[in-house]
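These notes are about the structure you will find just below.
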Amino acid sequence: MTLRRRRHQVLGMRTFLIAIGLVVSGVFMYIAVRGAHLEQTVDALRTTNYAWLGPSLGLFVVAFFIRCVRWQSLFSRTARPPLRAVVSSQFVGYCANAVLPVRAGDAAAIVALNKKAGTPIAEGTATLLVQRAEDVLSLVLLLFVMLPWLPHVSWLRAAGIFALALALALALIAALVVHFGDRAIQILLRPLTWLPFMPRDALNHAPAHFVRGLVGLVSFRVAVISFAWTTLSWIVLGVGYWLVLEASGLDLSPLAGILVMIGIGLAMILPSSPAALGVFEGATVVVLSAYDVPDSIALSYALVLHVLNVLPLLLVAGVMLILRRARRRSAVRGAFPDSALEP
């Protein structure tokens, strides 16, 4: 296979994923707006009590740091990166997801951790896959635990089937890793040799690094600790979502906020446009329909909640970029003072 052909295949796959993401976002956006009335949505936005958003944002920040601790816990003790590097890399990933399609921020976080802490790409990728699996299983577990106190959830059966299939797949992967070690991973990673930008040395070490990153599957202790952090982060985030419900004047229980978080979290598995635009709103409207919340009000809540998830990230990232540029300019001026430049 020629280098040009490989590049065309990679470009074609990327284009295909972006197209699928746009279609998914379009479908969810249609679901979000089909029963909504613009005037009612605008009125709901005007009557929102925005003072509630401060505590909500505080809980979002707490959940973010919990998830950073969760990611760090998924590495073996001998290869665990510093928490500061994990936090920085996680932030890079969140910001990238806000501006790039098909959750490309996940890859950005792995690359950032490689640069900041020297964590091998294959190991970081393995921990990311374990994170996503734990996310789904934790969300479904919360859903079934809360079930006696929830209204009728139409997508409960599909969520249960998906979680069961995922659990069986994880058990199979863990069994293969325990029995065959990195030989099983060598077979799975063989298609990466087709990619022109993958260094051969990295591919040779990738199976061992990937297996080391799966410690969250093969170590009971690591799995329990990381799963506990995962579930705690979702609960904290769900309470933050509930506070936004209070801001929107929706007198619902905290479980409603957690259910909204579950619906959005499961929907975000699908490829979508940057910041999951459309998917976020559509999933929220579907969940709140179980509480007989009108689509116009639900859409207003979804928009406020979405902005609260994305805008602070972009503002912080913008401030950090400005400060970094200012430091670079100061460093240049310090190295080349005006007097040194005079003839």
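The values are calculated or read from the model by the stated rules, or taken from the named source; none is laboratory data. Model, not experiment: these values are computed from the prediction. Cβ coordinates were reconstructed from backbone atoms using ideal geometry, including for glycine residues, and neighbour counts include every protein chain displayed.
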Positions within the range 65-97 being closer than 25 Å to A223 by Cβ, assigned to a helix (DSSP H, G or I) and touching a residue at least 40 places away in the same chain (Cβ under 8 Å), in sequence order: I66, R67, V69, R70, W71, S73, A79, Y94
Subset of the range 220-267 (residues that are closer than 30 Å to A175 by Cα, β-branched (V, I, T) and crowded, with 21+ Cβ neighbours inside 10 Å): T230, I262
Is it the case that the range 232-240 has a residue that's at negative phi and over 16 Å from the mean Cα position of the chain (by Cα)? yes
Output yes when any residue across the range 35-56 is touching a residue at least 24 places away in the same chain (Cβ under 8 Å), in a loop (DSSP other than H, G, I, E, B), under 29 Å from L113 (Cα atoms) and out of contact with any strand residue (DSSP E or B) (no Cβ under 8 Å at 6 or more places or on another chain), and no when none is. no
Restricting to the range 309-343, what's the tally of residues that are at pLDDT below 85, surrounded by 10 or more Cβ atoms within 10 Å (Cβ to Cβ), within 40 Å of the chain's Cα centre (by Cα) and not charged (D, E, K, R)? 2
Contacts under 8 angstrom Cβ, first residue in the range 307-324 being under 19 Å from G240 (Cα atoms), partner in a helix (DSSP H, G or I) and of a type in the set (S, T, N, Q), 6 or more apart: L308/S56
Which of the residues belonging to the range 98-116 are out of contact with any Gly (no Cβ under 9 Å at 6 or more places or on another chain) and in contact (Cβ under 8 Å) with a residue 24 or more places away in the chain? L100, K116
Output yes when any residue across the range 269-277 is in a helix (DSSP H, G or I) and surrounded by 24 or more Cβ atoms within 10 Å (Cβ to Cβ), and no when none is. yes
Identify, please: which residue in the range 69-106 is farther than 25 Å from T231 by Cβ and among the small types (G, A, S) and is, among those, surrounded by the fewest Cβ atoms within 10 Å (Cβ to Cβ)? A104
Keeping to the range 22-59, report how many residues are surrounded by fewer than 17 Cβ atoms within 10 Å (Cβ to Cβ) and over 21 Å from the mean Cα position of the chain (by Cα). 17
Quick check on A163: is it at pLDDT below 95 and more than 26 Å from P312 (Cα to Cα)? yes
Looking only at the range 140-159, and only at residues there that are crowded, with 16+ Cβ neighbours inside 10 Å and in a loop (DSSP other than H, G, I, E, B), the one that is nearest to the chain's Cα centre (by Cα): W155
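Has the range 186-202 got any residue that is modelled with pLDDT of 85 or more and either touching a strand residue (DSSP E or B) at 6+ places or on another chain (Cβ under 6 Å) or hydroxyl-bearing (S, T, Y) (or both)?
The answer is no, given that none of the residues of the range 186-202 is modelled with pLDDT of 85 or more and either touching a strand residue (DSSP E or B) at 6+ places or on another chain (Cβ under 6 Å) or hydroxyl-bearing (S, T, Y) (or both).
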Restricting to the range 223-249, name every residue that is touching a Gly at 6+ places or on another chain (Cβ under 8 Å) and modelled with pLDDT of 95 or more. S226, W234, G238, V239, G240, Y241, W242, L243, V244, L245
